[in-house]
Each structure stands twice: as C-alpha cells, then as structure tokens.
1. Mind listing the Cα extents of the range 63-152 along all three principal axes, in Å, largest one first?
2. Could you tell me which residue out of Leu108, Ser73, Leu38 lies farthest along the dipole of the range 2-118 toward its positive end? Charges go on the beta carbon: Lys and Arg +1, Asp and Glu -1, centred on the Cα centre.
3. Got a number for carbon plus sulfur as a percent of the range 12-74's accessible area, 1.4 Å probe?
4. Count neighbours as other Cβ atoms within 10 Å of each site's Cβ, and list the GluC sites (Glu not before Pro) in the range 19-102 that are DSSP loop with at most 12 such neighbours.
5. For a 22 Å ceiling on Cα separation, which of these pairs sit above it: Lys109/Lys140; Lys65/Lys134; Lys109/Lys145; Lys133/Lys177; Lys65/Lys100; Lys65/Lys141?
6. Whole number in Å², please: accessible area per residue of the chain, 1.4 Å probe, ligands, DNA and RNA not counted.
7. Loop-only check: which trypsin sites (Lys or Arg not before Pro) in the range 111-163 are DSSP coil with at most 16 other Cβ within 10 angstrom?
8. Can you pull a Stokes-Einstein diffusion coefficient for the range 23-179 at 20 °C (1.002 mPa s), Rh from Kirkwood over Cα pairs, as a whole number of µm²/s?
Amino acid sequence: MKRLETERLTLREFRIEDIDDFYDYAKLETVGPNAGWLPHPNKEHSVKILEMFIKNDEVWAIELKSENKVIGSIGLHHRSLLDYGMIYEVGYVLSTKYEKQGFMSEALKRVLDFCFDEMGLSKLFVGHFLENKKSERLIKKFPFKYLKDMDYESRDYGLIVSKIYMMKKNEYINWRKVI
C-alpha cells in the first residue's frame, strides 16, 4: 500500500511491530463485531491476522502522528460484488478510544482522494451492517449513494444484511469543490 498522509494521520503498511497497538483495539467488544469479526481473544490470534494484512497488502494501518500509535485500519479491497462484477470496496475500523474526533473521516477522505485522483477509479463501494449506525453516519458525510440491502458474508458471523453504497468519481469531485 502506498503511504498516505493527512494533517494528523499516516496511513501506511502494517508491520509486525504494530502488534501491541493492533491487539489493543482488535480485542475490544466495540470494534470487531461492527466489522463482522469477533474480538481477538489473544495476541497470537492478532499476529495471524496482522500477518495476513501484511501478506495481502490491502489494508493501511492508521497511525496517529501525535502518539506514534496505530489506532485503526482502513482497507481497499478488490473483489467481486454480485451484478457489479469486480469492484473496489473500502472498509475500516477504529479504536473506540479515538472515536468522535474526526480521525476516520480524515482517513477516508484521504483514501478517496487516492482512489479517484491517483488510482483513477471511476467508482468506489462501501457498506455497513444494519446495526452499525456509526459507520452509517460516516458514510453519509460523503457523497455515497445507497444502492441496496444485501446479504454479506462476514468473517465470523456468517451472512449479515448490509447496506451497500457506491460513489462515482464525478460525484466525489463535485462534492470536494463545495466542502
């Protein structure tokens, strides 16, 4: 993953040295279930997931510059989505301790800039489970358009109904002009 910067954050590749920070938020009951995975039971479990992140190179660590601490992650996943074919989908988690400070909005805006300006994507998808109102509020801050509800295969909970959204490049460019 290309290293990305914002005023307060560095979005960078995960490193095995991030294990303490990663486990610190991955074990929280308030983080994983909103993203479809169980809280991590121990550091050994977190190491396996972290190694997968490093190998697959689809997920940025969100590092808070002022603390030199990883406080969450944001991923850009290339996958098949039913009638839409191969798509890019963004997904994210943030430590509960760092919510309501604008960090995820800042990280997502930087990833959107990267997707549309640097990668040249024409559209981007995002989704959230019906119960995940925090993610829904974040998505609605951006010009994503609701598409439909669909069953989504979560890592640990099986099929969960999710709201799926899409944003086209021109919609983002127009929105960016007025913010």
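The values are calculated or read from the model by the stated rules, or taken from the named source; none is laboratory data. Please read all numbers here as calculations on a predicted model, not as lab measurements. As a convention, Cβ positions derive from the backbone with ideal geometry for all residues, glycine included, and neighbour counts pool all protein chains shown. The area values use the complete protein model at the heavy-atom level, side chains included, leaving out ligands, DNA and RNA. Shrake-Rupley method; radii C 1.70, N 1.55, O 1.52, S 1.80 Å.
1. 43, 33, 20
2. Leu38
3. Working: 1510 of 3040 Å².
Carbon-and-sulfur percentage of accessible area, whole number: 49.
4. Details: sites: Glu29, Glu44, Glu51, Glu58, Glu63, Glu67, Glu89, Glu99; in loops: Glu29, Glu58, Glu67, Glu99.
Taking the range 19-102 and a limit of 12 other Cβ atoms within 10 Å, the loop GluC sites (Glu not before Pro) found are Glu29, Glu67.
5. Values: Lys109/Lys140 13 Å; Lys65/Lys134 24 Å; Lys109/Lys145 16 Å; Lys133/Lys177 27 Å; Lys65/Lys100 17 Å; Lys65/Lys141 24 Å.
From the list (Lys109/Lys140; Lys65/Lys134; Lys109/Lys145; Lys133/Lys177; Lys65/Lys100; Lys65/Lys141), the Cα-Cα distance tops 22 Å for Lys65/Lys134; Lys133/Lys177; Lys65/Lys141.
6. Working: 9140 Å² over 179 residues.
Roughly 51 Å² per residue, with all protein chains present.
7. Numbers: sites: Lys123, Lys133, Lys134, Arg137, Lys140, Lys141, Lys145, Lys148, Arg155, Lys163; in loops: Lys140, Lys141, Arg155.
Sites meeting the loop and neighbour criteria: Lys140, Lys141, Arg155.
8. Working: Rh = 16.3 Å.
It comes out at roughly 131 µm²/s.
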